[in-house]
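Bear in mind these aren't lab numbers, they're just calculated from the coordinates by the rules spelled out. Source: prediction; values computed, not measured. Positions of Cβ are generated from backbone atoms using ideal geometry, with glycine treated the same way; all protein chains shown enter the neighbour counts.
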């Protein structure tokens, strides 16, 4: 304890720690991890690109139906569906990128396989 005049003052009990020095081994680990991450991302990109190229080379053939006057998607789905007509209708909408269920006479609709 220190005395200043008649008052006694206690020393602070909390010690201020010095900033820790950066560990060179930690720096090497971070650098190695970054290199591994970049190489992994590059390898993944090359593999994905190769797979996409192989798949895009395949030709997909669709059957097409020309819509008659008054014909609906539901009727087409019931006529050509091999299983559930509701799933087939959802595939029709997705495959032909239809935003509405309205069909125009003479419109060509691709049928899902």
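Laid out as a table, the results:
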item	result
Approximate spin-label separation residue 78-residue 64, in nm, with each point projected 7 Å along Cα-to-Cβ	2.6
Highest to lowest packing among 60-70, 82-92, scored as the average C-beta count within 10 Å	82-92, 60-70
Relative contact order, percent, region 63-111 [alpha-carbon distance under 8 Å, six or more residues apart]	61
Rg to Rh, two decimals, where region 63-111 supplies the alpha carbon set and Rh follows Kirkwood	0.91
Sites residue 41 and residue 95, calculated FRET efficiency, Cβ-Cβ separation with R0 41 Å, nearest 0.05	0.80
